[in-house]
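Asks: Pasting a structure here, questions to come.
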Amino acid sequence: MSKLDTLARFLSEARRAVFFGGAGVSTESGIPDFRSPGGLYSEAPETIVSRSFFLAHPEEFYRFYRERMLYPEAEPGPAHLALAALERMGHLRAVVTQNIDGLHQRAGSRLVLELHGSVHRNHCVRCGRRYPLQAVLESEGLPRCVCGGLIRPDVVLYEEPLPAGVFERAEALVREADLLLVGGSSLTVYPAAGLLQYYRGSRLVLLNRTPTPADGRADLVLRGSIGAVLSAAVARL
């Protein structure tokens, strides 16, 4: 039996599967990993998207944010669509993502836990008024609320904790999962990567183009395009 056939069998038998994904899921939709700045900035991207940099240099933060982290024209890719199909078929219980682009929801996934927040949710730091992504896209310089306060995205910056309750919900879902799919993640960003330690099942599947620190404990490892692999597996169900 091929690895793809084994994955399809795992999926067909799953009723509480959880997918945990990272940037590799959305790179197939044309959204690059922001850790590869292409030489446009002398600072490391991790520095630019840190809380301390945001507070000290908000203009530079928003310049980087608009140019390198916002892709409003991006469409859900094959991996997003395959995961939404698995949920509709009753095999996938939830998606836990490190991505902030909202593409899982646009593809049709209903239970999505966004560990690092979303570009689609924004708020005024002074009065708390909520704003959509368009408010940031259409502004120039610093996006301002009608009260004059600064609008900031509900995105977790370096040096900030994860949103209250989100990691705990993800941990509970992983503990209860009968299949854990991990895709498009290098598994090097914590605390998100620490979710794997809570999985108690015997079917851990890693879908990634390159090796990860968790390959040795996985029950199944598949290399290549995550979208192509998931789409092919769904087609076998």
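Asks: Can you spot a residue in the stretch 216-224 that is of a type in the set (A, V, I, L, M), more than 30 Å from residue 75 (Cα to Cα) and open to solvent by less than 30 Å² (accessible area, probe 1.4 Å)?
Replies: Going through the stretch 216-224, the residues of a type in the set (A, V, I, L, M) turn out to be 218, 220-222.
Then drop every residue that is not more than 30 Å from residue 75 (Cα to Cα), which leaves 218.
Cutting the leftovers down to open to solvent by less than 30 Å² (accessible area, probe 1.4 Å) gives us 218.
Checking the stretch 216-224: at least one residue is of a type in the set (A, V, I, L, M), more than 30 Å from residue 75 (Cα to Cα) and open to solvent by less than 30 Å² (accessible area, probe 1.4 Å).
Asks: Would you kindly identify the strands (runs of 3 or more DSSP E) lying entirely within the stretch 141-223 that contain at least 1 residues that are farther than 22 Å from residue 111 by Cβ?
Replies: Qualifying strands (runs of 3 or more DSSP E): 151-155, 220-222.
Asks: Continuing with the same structure: State which residue is least open to solvent (accessible area, probe 1.4 Å) when the search covers only the stretch 102-132 and only residues that are touching a His at 6+ places or on another chain (Cβ under 8 Å), in a helix (DSSP H, G or I) and not aliphatic (A, V, I, L, M). Spell out the reasoning first.
Replies: Of the stretch 102-132, the ones touching a His at 6+ places or on another chain (Cβ under 8 Å) are 102-104, 106-107, 109, 112, 129-132.
If we keep only those that are in a helix (DSSP H, G or I) too, we end up with 103-104, 106-107.
Filter once more, keeping what is not aliphatic (A, V, I, L, M): 104, 106.
Numbers: 104: 5, 106: 120 Å².
Out of the qualifying residues, it is 104.
Asks: With respect to residue 237, is the statement that it is open to solvent by 30 Å² or more (accessible area, probe 1.4 Å), modelled with pLDDT under 95 and either charged (D, E, K, R) or over 30 Å from residue 70 (Cα atoms) (or both) true? Talk me through it step by step, then tell me what you get.
Replies: Working: open to solvent by 30 Å² or more (accessible area, probe 1.4 Å): yes; modelled with pLDDT under 95: yes; either charged (D, E, K, R) or over 30 Å from residue 70 (Cα atoms) (or both): yes.
When the stated conditions are applied, residue 237 passes them.
Asks: For the stretch 1-29, how many residues meet the condition of being closer than 15 Å to residue 228 by Cβ, in a loop (DSSP other than H, G, I, E, B) and touching a Gly at 6+ places or on another chain (Cβ under 8 Å)?
Replies: 2
Asks: Which residue pairs have Cβ atoms under 7 Å apart, sit 6 or more places apart or on different chains, and have a first residue in the stretch 102-129 that is aliphatic (A, V, I, L, M) and a second that is open to solvent by 40 Å² or more (accessible area, probe 1.4 Å)?
Replies: Qualifying pairs under 7 Å: 107/81; 111/93; 112/105; 113/169.
Asks: Which residue pairs have Cβ atoms closer than 9 Å, lie 6 or more positions apart in sequence or on different chains, and pair a first residue in the stretch 178-207 that is touching a residue at least 40 places away in the same chain (Cβ under 8 Å) and of a type in the set (Lys, Arg) with a second residue that is assigned to a loop (DSSP other than H, G, I, E, B) and surrounded by 17 or more Cβ atoms within 10 Å (Cβ to Cβ)?
Replies: 203/14; 203/177; 203/178
Asks: Now for a separate question. Between residues in the stretch 220-236 that are in contact (Cβ under 8 Å) with a residue 12 or more places away in the chain and over 14 Å from residue 3 (Cβ atoms) and residues that are among the aliphatic types (A, V, I, L, M) and open to solvent by 50 Å² or more (accessible area, probe 1.4 Å), which pairs lie under 9 Å by C-beta distance while being six or more apart or on different chains?
Replies: 227/81; 231/81; 234/81; 234/89
Asks: Being under 20 Å from residue 116 (Cα atoms) and β-branched (Val, Ile, Thr) is the filter here, so list the residues in the stretch 166-207 that pass it.
Replies: Scanning the stretch 166-207 gives 166, 174, 182, 188, 189.
Asks: From the list 181, 150, exactly one residue is within 30 Å of residue 59 (Cβ to Cβ) and open to solvent by less than 40 Å² (accessible area, probe 1.4 Å). Which is it?
Replies: After applying the criteria, what remains is 150.
Asks: Can we say residue 139 is polar (S, T, N, Q), open to solvent by less than 40 Å² (accessible area, probe 1.4 Å) and under 17 Å from the mean Cα position of the chain (by Cα)?
Replies: no
The values are calculated or read from the model by the stated rules, or taken from the named source; none is laboratory data. Given the structure is predicted, the values throughout are model-derived calculations rather than measurements. Ideal geometry is used to build each Cβ from the backbone, glycine not excepted, and the neighbour counts take in all protein chains shown. These accessible areas exclude ligands, DNA and RNA; they are computed on the full protein's heavy atoms, side chains included. Shrake-Rupley method; radii C 1.70, N 1.55, O 1.52, S 1.80 Å.
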